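Have a look at the structure below before the remarks.
The values are calculated or read from the model by the stated rules, or taken from the named source; none is laboratory data. Note that the structure is a prediction, hence the values are computed from the model and not measured. Methodologically, a virtual Cβ is constructed for each residue, glycine included, from the backbone with ideal geometry; neighbour enumeration extends over all protein chains shown. The accessibility values were calculated without ligands, DNA or RNA, using every heavy atom of the protein model including side chains. Shrake-Rupley method; radii C 1.70, N 1.55, O 1.52, S 1.80 Å.
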Amino acid sequence: MISNQVLQNTLEGLKEISRTEFCVIDTDGKMLASTFSDFDVQTVDIQAFVESQADSQVVRGYQYFKVCDDYQLEYILVAHGEDEDTYMIGKLAAFQIQNLIVAYKERFDKDSFIKNLLLDNLLLVDIYNRAKKLHIDADVRRVVLILELNQEKDHSSVESVKSLFSGKPRDFITAVDEKSIIIVKELEDGEGYEEMDRLAGMVLDTLGLMEENGVHMAYGTIVNELKEVSRSYKEARMALDVGKIFFGEKKVIAYSSLGIGRLIYQLPIPLCKMFIREIFGNKSPDDFDEETLITIDKFFENSLNVSETSRQLYIHRNTLVYRLDKLQKSTGLDLRVFEDAITFKIALMVVKYMKYMETLEY
């Protein structure tokens, strides 16, 4: 259904061109939009016109026109005047509003189709049949991007994103929950993940969201067929969750860059707890003092390089070695040994994942 504001803007534009006053009324006689300052709707006249077989009619100095949607009467358009010029202008105005109905209906149908496609609510045969009817290409490269806001989105935030892609009619902007805006992007030849990184950054920058806490943008892998769009959406959704656990400082997260975090995210919690018990016994990384945790993070950051880590921590090399020896006695893992370092790193990531899952339960 066309909004009353769109109808009002349309009538005002038509009035400016034709210098004719218009109003649009629904079939119950309720005025939806008008350029008249003092037009009084006569419910009896409206009812008589609705029940008549005529497409247009002159009533008390006004031209009445029926505006239909698939032969179903939707609106009554009223134009001030009863001469031939008013009739012609009124017919053009009715035609314009009818085209608006078709355009909005198609937009709604496309939005509904894309939502069902993302959520895997369509059979394979339905995907291609409906795509053909809606003139959506099935065999082009696409990727799904998700913008997650830190509060419930409002109409203006969705419209702001749509305005960024207004020159791209083959891209779709929609939403399936309260906090996320979804972009189904059709790629040009030569566009890849680098361009998607830049695009995501541009969206955040343009909307002024780059510095806002709790705002992230993620995207899935590039797919070649319409039926695979739902997979790209699921990947983008996973990238948002995994990114918040392991890459909280990053604003833009690509599914292809999640690494081992993607595997950990899919582990059952009981298995995670068993693994942590095997590594740390009854202890937890939370039990380590801040100095030890900073040392561990910096050591991993510098790819297990003792000299560079001690330099960046402003401590003597022997002090760092002492801390690593102390950690080895406590956990049985020597971070200078690659295999032990990998085990320890995975264990820290598993603990982060378990903490995140605990917050979701409350």
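Inside segment 163-198, residues that are under 14 Å from the mean Cα position of the chain (by Cα) and closer than 21 Å to residue 131 by Cβ make up a count of 11.
Mind listing just one residue for me: the one in segment 321-362 that is touching a Leu at 6+ places or on another chain (Cβ under 7 Å) and open to solvent by less than 20 Å² (accessible area, probe 1.4 Å) and, of those, farthest from residue 271 (Cα to Cα)? Checked segment 321-362; the qualifying residue farthest from residue 271 (Cα to Cα) is 324. Taken together, the residues in segment 207-224 that are exposed (fewer than 14 other Cβ atoms within 10 Å of the Cβ) and either modelled with pLDDT of 90 or more or touching a Ser or Thr at 6+ places or on another chain (Cβ under 8 Å) (or both) amount to 1.
When the test is whether a residue is surrounded by 16 or more Cβ atoms within 10 Å (Cβ to Cβ) and over 30 Å from residue 230 (Cα atoms), residue 247 does not pass it. Looking at the structure I just gave you, is residue 301 open to solvent by 60 Å² or more (accessible area, probe 1.4 Å) and either under 24 Å from residue 244 (Cα atoms) or within 36 Å of the chain's Cα centre (by Cα) (or both)? The answer is yes for residue 301.
Of everything in segment 48-99 that is farther than 21 Å from residue 12 by Cα and among the β-branched types (Val, Ile, Thr), the residue that is most open to solvent (accessible area, probe 1.4 Å) is 58.
Taking the condition among the β-branched types (Val, Ile, Thr) and either at pLDDT below 90 or more than 30 Å from residue 204 (Cβ to Cβ) (or both), does residue 260 pass? For residue 260, the condition - among the β-branched types (Val, Ile, Thr) and either at pLDDT below 90 or more than 30 Å from residue 204 (Cβ to Cβ) (or both) - is not met. Quickly run through segment 149-189 and pick out the residues that are more than 17 Å from residue 205 (Cβ to Cβ) and hydrophobic (A, V, I, L, M, F, W, C). Within segment 149-189, 158, 172, 173, 175, 176, 182, 184, 187 qualify.
Taking segment 157-202 as the region of interest, how many residues are open to solvent by 20 Å² or more (accessible area, probe 1.4 Å) and part of a helix (DSSP H, G or I)? Matching residues across segment 157-202 total 14.
Scanning segment 72-88 for residues that are of a type in the set (A, V, I, L, M, F, W, C) and closer than 21 Å to residue 38 by Cα returns 76, 77, 78, 79.
Of the set (1) farther than 24 Å from residue 202 by Cα; (2) part of a helix (DSSP H, G or I); (3) open to solvent by 30 Å² or more (accessible area, probe 1.4 Å), all apply to residue 117 but (3). Filtering segment 206-221 to residues that are touching a residue at least 12 places away in the same chain (Cβ under 8 Å), in a loop (DSSP other than H, G, I, E, B) and farther than 20 Å from residue 262 by Cα leaves 207, 209, 210, 212, 213, 214, 215. Of the residues in segment 335-358, not one is in a loop (DSSP other than H, G, I, E, B), at pLDDT below 90 and of a type outside the set (Val, Ile, Thr). When residue 230 is tested against (1) out of contact with any helix residue (DSSP H, G or I) (no Cβ under 6 Å at 6 or more places or on another chain); (2) among the polar types (S, T, N, Q); (3) surrounded by 15 or more Cβ atoms within 10 Å (Cβ to Cβ), exactly one condition is not met: (1).
Scanning segment 292-301 for residues that are out of contact with any strand residue (DSSP E or B) (no Cβ under 8 Å at 6 or more places or on another chain) and in a loop (DSSP other than H, G, I, E, B) turns up nothing.
Within segment 15-42, being within 17 Å of residue 66 (Cβ to Cβ) and either within 33 Å of the chain's Cα centre (by Cα) or open to solvent by less than 80 Å² (accessible area, probe 1.4 Å) (or both) holds for 22, 23, 24, 25, 26, 27, 29, 31, 32, 33, 41, 42.
Residue 245 meets the conditions (1) assigned to a loop (DSSP other than H, G, I, E, B); (2) under 30 Å from residue 145 (Cβ atoms) in every case but one. The failed one is (1).
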